[in-house]
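The values are calculated or read from the model by the stated rules, or taken from the named source; none is laboratory data. The shown structure was predicted, so the numbers you read here are calculated from the model rather than taken from an experiment. Methodologically, a virtual Cβ is constructed for each residue, glycine included, from the backbone with ideal geometry; neighbour enumeration extends over all protein chains shown.
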Amino acid sequence: MAIDREQLLKVAHLARLELREDEVERLGGQLNDILEAVSKVSELDLSDVPPTAHPLDVVNVWGEDEPRPCLPVDEALANAPEREGNFFKVPPGGAA
Amino acid sequence: MIDTLRLTAEAAKGLLDSREISGAELFAAYRAAIDDRDDELHCYLHLCDDPGGDGLPIALKDVIGTKGIPTTAGSKILEGYIPVYDSTVVERLKMHGLRILGKTNTDEFAMGSSTENSAYGPSHNPWDPSRVPGGSGGGSAAAVSAGLAPWALGSDTGGSIKQPSALCGNVGLRPTYGTVSRYGIVAFASSLDQVGPVARTVRDCAYLYSIIAGRDERDTTTVELPHPVELPQAAELRGLRVGVPKELNEAEGIEPGVSAAVRAAIAKLEELGAEVGECSLPLSVEHGMACYYLITPAEASSNLARYDGVRYGFRADADERLEMYERTRDEGFGDEPKRRIMVGTYALSAGYYDAYYGQAQKVRTVIKREHDALFETFDVLVSPTSPTVAFPLGARTADPIAMYLSDLLTIPSCMAGLPGLNVPCGLSEGLPVGLQLIGPQFSENTLFRIGHALELAVGFDPVPERLR
């Protein structure tokens, strides 16, 4: 299954990647090679096989809902590219 | 004079305990070795000053979060990021007095098999600097081989501990999924990621594993070890049943020299008393790669969504927020994370989910069942770790699929959540060959026992010939 330029740009937008023109060309070809290789999974008829999401047989680890110490605000914001007061500062809205 | 090339962690601990050397002298000896050789090898991305104390030094792959010490995961998008907390494994190392020498190079976000995907340039193989050290944890493996650390931690999703250990000639363990906490580790594919030790001997590897393993309430995928870690002693293997899966030992692309060294090692296992028999993993090897390269990109596309320029790391200039996200991610990620994010986003998108990700999860069940069935007959499986010895820098960078095939033999058991130990078993063309031992979940003690006996029987010299 090959993906065309339009699909590639749509996927890039879903992944919030602004690909440059040279990347669209380079990655586009490579992605099609990779998708062709991984399509091999469809060769097997596995309609009766359950999926595995996790390799260990552990389920539902519950914890008590108790407040615990958390990072102080200054530490939580220590790596912020931009900060204003106790907030992470980002550029304004723009269309999604 | 401390010869860091020959010193095992166990021997170093003996020297410290008997006060023949001080902790400061030991740390300084590794720093001197790094000053001597790391310009050529580029194992380290960041070096730490001696924090004092008398514990052993250790190197950490740069996906392991360290409080106050830069942690980049080999990516530009984490440039300048300094964690404000320690990962659980680092807390445990510090509790045992271990001192961090520095952070080692890795393929970006641990995605790769050569370190050539690092945004900070590749590491070089100590046996031949024109060749790769393997990856993604090539920096840790090369540092241990070149005497730039007595031991190190790596992380392994589809072979990132075992494969570089094979290519650099040291011992590396990918532990059973769930035995080592990932709290504070940069996530790649969470249903596979595991932290594990890289060392010069199996005993050192087992000891380091005993320090880091065990349940952590901050990583709810972890479990308590069913039995304590035992340091291997015995040099005989009577009663052990060793399976040789045909597909893992005869796969296309395995070099004759690799095959010969592994066969000779299997003969040694027999001499040591093990019963060896042929067996088969018909679907696991044939479909493992495709399964892995759907599941891991899907999980990566989700895990890497957090790098958006808002809270930490790199941010690109932009006037609007959406533009800021997209530009930050385009400029911050290299090609390999982009490829995987794109494949993963596509495989998870509406209309393709069942055909790709859903189907891959079913293949994963098939792989797990095939392995489980073999462990009714065998205690352990053996094969080459890597189809080839260390390859030249640049040989596979233009062809992502050729690079992916580096992990052909390590991927199936990772998909099944099984532990695997790489043990050096000889040379081919003057370069190390590694053998992997794969066991059922929680069989680390068995792997250590066999690996230790094999190590003694083979007598592999882990010091690169050109450094002797």
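Which numbered condition in (1) at the interface with chain B (Cβ under 9 Å from one of its Cβ atoms); (2) under 30 Å from B:Ile367 (Cβ atoms); (3) assigned to a loop (DSSP other than H, G, I, E, B) is the only one that A:Asp45 fails?
Of the numbered conditions (1) at the interface with chain B (Cβ under 9 Å from one of its Cβ atoms); (2) under 30 Å from B:Ile367 (Cβ atoms); (3) assigned to a loop (DSSP other than H, G, I, E, B), the odd one out for A:Asp45 is (1).
Restricting attention to segment B:216-246, and to residues there that are free of Cβ contacts under 8 Å to residues at least 24 places away in the same chain and either within 14 Å of chain A (Cβ to nearest Cβ) or of a type in the set (Ser, Thr, Tyr) (or both), which single residue is farthest from B:Ser280 (Cα to Cα)?
Residue satisfying both the conditions and the ranking: B:Glu217.
Just a yes or no: is a residue in segment B:282-289 more than 15 Å from A:Val38 (Cα to Cα), buried (at least 24 other Cβ atoms within 10 Å of the Cβ) and within 12 Å of chain A (Cβ to nearest Cβ)?
No, segment B:282-289 contains no residue that is more than 15 Å from A:Val38 (Cα to Cα), buried (at least 24 other Cβ atoms within 10 Å of the Cβ) and within 12 Å of chain A (Cβ to nearest Cβ).
Is it the case that A:Leu19 is within 7 Å of chain B (Cβ to nearest Cβ) and part of a helix (DSSP H, G or I)? Reasoning before the result, please.
Details: within 7 Å of chain B (Cβ to nearest Cβ): yes; part of a helix (DSSP H, G or I): no.
Criteria not met by A:Leu19.
Just one of (1) part of a loop (DSSP other than H, G, I, E, B); (2) touching a residue at least 12 places away in the same chain (Cβ under 8 Å) trips up B:Leu26, so point out which.
Evaluating B:Leu26 over (1) part of a loop (DSSP other than H, G, I, E, B); (2) touching a residue at least 12 places away in the same chain (Cβ under 8 Å) leaves (1) as the failure.
Mind checking which residues of segment B:347-398 are charged (D, E, K, R), crowded, with 21+ Cβ neighbours inside 10 Å and closer than 20 Å to B:Asn445 by Cα?
Correct list: B:Asp379 only.
Which of the residues spanning segment B:235-269 are loosely packed, with under 13 Cβ neighbours inside 10 Å and over 30 Å from B:Phe391 (Cα atoms)?
If the condition is that a residue be loosely packed, with under 13 Cβ neighbours inside 10 Å and over 30 Å from B:Phe391 (Cα atoms), then B:Arg238, B:Gly239 are the ones that fit.
Restricting the search to segment B:295-313, which residues are over 27 Å from the mean Cα position of the chain (by Cα) and surrounded by 24 or more Cβ atoms within 10 Å (Cβ to Cβ)?
Result: B:Gly309, single match.
When residues of segment B:1-55 are filtered for being surrounded by fewer than 17 Cβ atoms within 10 Å (Cβ to Cβ) and among the small types (Gly, Ala, Ser), how many remain?
9
Which numbered condition in (1) surrounded by fewer than 20 Cβ atoms within 10 Å (Cβ to Cβ); (2) without any contact (Cβ under 8 Å) to a residue 40 or more places away in the chain is the only one that B:Thr66 fails?
(1)
A quick yes/no check of all residues on (1) out of contact with any His (no Cβ under 8 Å at 6 or more places or on another chain); (2) within 18 Å of B:Leu93 (Cα to Cα); (3) not small (Gly, Ala, Ser):
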site	(1), (2), (3)
B:Thr176	yes, no, yes
B:Leu192	yes, no, yes
B:Gly196	yes, yes, no
B:Tyr207	yes, yes, yes
B:Pro228	yes, yes, yes
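Would you be able to say whether some residue in segment B:82-89 is modelled with pLDDT of 95 or more, in contact with a helix residue (DSSP H, G or I) (Cβ under 8 Å, 6 or more places away or on another chain) and surrounded by 19 or more Cβ atoms within 10 Å (Cβ to Cβ)?
Yes: one or more hits.
Which one of these is more than 7 Å from every other protein chain (Cβ to nearest Cβ) and basic (Lys, Arg): B:Arg306, B:Arg327?
Details: B:Arg327 fails: more than 7 Å from every other protein chain (Cβ to nearest Cβ).
After ruling out the rest, the residue left standing is B:Arg306.
Yes or no, residue by residue, for (1) assigned to a loop (DSSP other than H, G, I, E, B); (2) more than 7 Å from every other protein chain (Cβ to nearest Cβ); (3) among the hydroxyl-bearing types (Ser, Thr, Tyr):
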residue	(1), (2), (3)
A:Lys10	no, yes, no
A:Gly29	no, yes, no
A:Leu71	yes, no, no
A:Glu75	no, no, no
A:Ala80	yes, no, no
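Here is a yes/no grid of residues against (1) small (Gly, Ala, Ser); (2) in contact with a helix residue (DSSP H, G or I) (Cβ under 6 Å, 6 or more places away or on another chain):
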position: B:Leu322; (1), (2): no, no
position: B:Asp330; (1), (2): no, no
position: B:Ala360; (1), (2): yes, yes
position: B:Phe375; (1), (2): no, no
position: B:Gly417; (1), (2): yes, no
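Across segment B:314-324, which residue is surrounded by the fewest Cβ atoms within 10 Å (Cβ to Cβ) among those that are within 7 Å of another protein chain (Cβ to nearest Cβ) and in a loop (DSSP other than H, G, I, E, B)?
B:Asp319
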